[in-house]
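Every read-out reported here was derived from the displayed coordinates using simple, explicitly stated rules and does not represent laboratory data. Nothing here was measured: the structure is a model prediction, and the numbers come from that model. Cβ sites come from the backbone with ideal geometry, for glycine too, and all protein chains shown count toward neighbours.
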Amino acid sequence: MQPGSGAADELSAAAARRAGAARRRLSPNSPAGRHAEADRSGDGGPEQRFRPAHRLGWAVFAAALLAAAAPARAQDMRIAPPGVLRPGVGAEDPRRPVGERGAAPWRALGRVQTGIGRRCTGALIGPRLVLTAAHCLMNRGRTGMVRPGSVHFLLGYHLGAWTAHAQVGAYAIGPGFAPDPVRPGPAGADWALLVLEREVAPAGHALALLGDPPPPGAPLMLAGYQQDRPEVLLAATGCHALGIERGPGGHALLVHDCAATRGTSGAPLLARGPDGQWAVAGVAVAVAADGARGHAVPAGAIGPLPPP
């Protein structure tokens, strides 16, 4: 559904106006460092237990939309050196707004929004199932995860409107993912599966998960609702796989050279499947501060998926 009339429209319009003022404003308090890593979090305990929802009213959800348009915080990168305005992009910016948002694979993407103002990107991998990053569900500034009912998925978000909306009824995060706000992670467990309370698109709109990572040099695409232009879907469409690295704990991480910055966390890293269609090769979790380079959790490491 799109925002309705009256107060909801006014809130959405206000969010869009405030987002324009907030663009390109980064946190001035980010510590220096060479790489900008994703702000990963989880609870390290009941990772595979799907958490039941608690209801949120429209007023709270609307407030969350307004919070998302407030001055951007360093929510997706834990380290952003001074002077690096767009970690993960580099000197040349190849990203462009997605034009055909209703076409595959872009029609499966949307914004993940929480009641405390966090915003990330997510992708439909089933009519009621969304893939995103676990650190997007972290409580701000303290240990723990947000309640499922405080999380919303806005399919096809664009300039304050969306094609469908659903509240999250339950979610699961990667095994071993810790919710420590100082040292969250590990990165290889930084994934989350959101179970929506209702279907938001036909099954044919969902993206498939690739069982094997793409080989080095394979063409990739990466799009998300990024901090410098959070109201539109920005995509890098000419990037490639660089290989596999092992993160802390021995988790595999897919390395790529797609340009992307804050807000892309949770976005699907797209590669061609055996049938030639775009599919999910991984979920974006971290970027480098010194150029177009990032890490994604391989799709083959995600799961098990909940029953339909």
Short version: ³J(HN,Hα) in whole Hz for each residue of the range 111-127, in order, from phi by Karplus 6.51 cos²θ - 1.76 cosθ + 1.60 (θ = phi - 60°), x for Gly and Pro, what are they? 9, 9, 10, 10, x, 9, x, 5, 9, 9, 10, x, 9, 6, 10, x, x
Alpha-carbon centroids, the range 201-275 and the range 92-151: separation in whole Å: 13
To the nearest 0.05, what FRET efficiency results for ALA104 and ASP290 with a Förster distance of 25 Å applied to their C-beta separation? 0.15
Using 0.36 nm per residue, how much length does the chain from VAL182 to GLU197 gain when fully extended, once their Cα-Cα distance is taken away? 2.2 nm
So, by mean Cβ neighbours within 10 angstrom, what's the order for 117-129, 134-146 with the highest one leading? 117-129, 134-146
ASP212 versus LEU159: modelled label distance in nm, points set 7 Å from Cα along the beta carbon direction: 4.4
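Can you give the extra length, in nm with one decimal, that the chain gains between GLU245 and ARG96 once fully stretched, where that is 0.36 nm per residue apart less the Cα-Cα distance? The partial results should precede the final answer.
Working: separation 149, 0.36 × 149 = 53.64 nm, distance 2.81 nm.
Length gained, GLU245 through ARG96: 50.8 nm.
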Counting only residues 5 or more places away or on other chains, whose amide H sits under 5 Å from the amide H of LEU269 once H atoms are built in the peptide plane? ALA281, GLY282, VAL283, ALA284
Work out, step by step, the length gained on full extension between THR237 and ALA252: first 0.36 nm times the residue separation, then minus their alpha carbon distance; give nm to one decimal. 3.0 nm
